[in-house]
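All remarks here apply to the structure that follows.
Values quoted throughout were computed directly from the atomic coordinates according to the rules given, and no laboratory measurement underlies them. The model shown is predicted, which means the values in this text are computed figures rather than measured ones. No Cβ is skipped: glycine too gets one built from the backbone with ideal geometry, and neighbour counts run over all protein chains shown.
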Amino acid sequence: MKEQYLKRAELFVEQVAANNELFGLFDENLGWANCHAHDNKDATAVYLFWSDVELAEKLKTEEWENYKVESIALEVFFDSWLDGMQKQQVFAGVNWDEELCGLEIEAMVLKNALIEKFQVDGSDAEAEATEVVGA
């Protein structure tokens with residue numbers, strides 16, 4: 001199972017880096033979809049993100065049936081989300097399935113994985129990553 005979760009997390013990084021956006025479930029009154037951590041007792045919560053609209057749509061059931069899939073620009077995710085999540089010990093659940101199963105990733109680990117993806121993909125992507133992270 002963990003190998004499957006790792007593959008979905010890798011897919012998340014690849015697709016988000018390629019498309020410069022990710023998706024979450026949002027409710028105007030309740031905020032962003034999140035849940036308790038399953039594997040990390042240090043995490044105060046896990047916010048859920050997907051690299052694909054269809055994956056996010058699958059979680060619009062039961063408690064999140066009235067939530068809307070919202071796009072988050074990668075630049076906004078870097079500038080407004082990840083540092084705050086790290087400070088508050090909120091982890092990221094990326095590309096979780098309908099059973100709410102997947103990896104719980106520390107915000108800085110996710111940030112570094114995205115930056116590394118840009119660097120591996122070449123100088124154009126590296127310049128873009130530098131622009132996104134404001135370095």
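If the convex hull of the alpha-carbon atoms of the range 2-133 is projected onto planes in all directions, what is the mean projected area in square nanometres? Don't jump to the answer; show the numbers that get you there.
Working: hull surface 30.2 nm².
Result: a mean projected hull area of 7.5 nm².
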>> If you fit an axis through the alpha-carbon atoms of helix 107-120 and take the longest principal axis of the Cα set of the chain, what angle between them do you get, 0 to 90°, nearest 10?
In response: 40
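Tally Lys/Arg at +1 and Asp/Glu at -1 over every other residue whose Cβ is under 12 Å from the Cβ of PHE23; what's the total? Write out the running numbers ahead of the final one.
Working: positive: LYS58, LYS60, LYS68; negative: GLU21, ASP52, GLU54, GLU57, GLU70.
Counting the neighbours of PHE23, the net charge comes to -2.
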> Counting Lys +1, Arg +1, Asp -1, Glu -1, what net charge surrounds TRP50 among other residues with beta carbon under 12 Å of its beta carbon?
Replying inline: -4
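Counting Lys +1, Arg +1, Asp -1, Glu -1, what net charge surrounds LEU103 among other residues with beta carbon under 13 Å of its beta carbon?
Details: positive: LYS2, LYS7, ARG8; negative: GLU3, GLU10, ASP39, ASP97, GLU104, GLU106.
For residues surrounding LEU103, the net value is -3.
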> By how many degrees, 0 to 90 and rounded to 10, does the Cα axis of helix 123-133 deviate from the longest principal axis of the chain?
Replying inline: 50
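With both bridge residues required to lie in the range 2-133, what share of the DSSP beta bridges run antiparallel, to the nearest 5%?
70
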>> Can you compute the charge dipole magnitude of the chain about its Cα centre, using +1 on each Lys and Arg Cβ and -1 on each Asp and Glu Cβ, nothing else charged? Give it in debye, rounded to the nearest 20.
In response: 340
> Using a Gaussian network for the chain with springs between C-alpha atoms less than 10 Å apart, which of these wobbles most: ASP39, ASP97, ASP27?
Replying inline: ASP39
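Restrict the search to the range 54-99; then list the trypsin sites (Lys or Arg not before Pro) that DSSP places in a loop and that have at most 11 other Cβ atoms within 10 Å of their Cβ.
Working: sites: LYS58, LYS60, LYS68, LYS87; in loops: LYS58, LYS60.
Filter output for the range 54-99: empty list.
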>> What number do you get for the range 1-78 when its Cα radius of gyration is normalised by 2.2 N^0.38 Å, N = residues?
In response: 1.12
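With a cap of 10 neighbouring Cβ atoms within 10 Å, and only residues DSSP puts in a loop, list the GluC sites (Glu not before Pro) found in the range 1-61.
Details: sites: GLU3, GLU10, GLU14, GLU21, GLU28, GLU54, GLU57; in loops: GLU28.
For GluC sites (Glu not before Pro) across the range 1-61 that sit outside H, G, I, E and B with at most 10 neighbouring Cβ atoms in 10 Å, the list reads GLU28.
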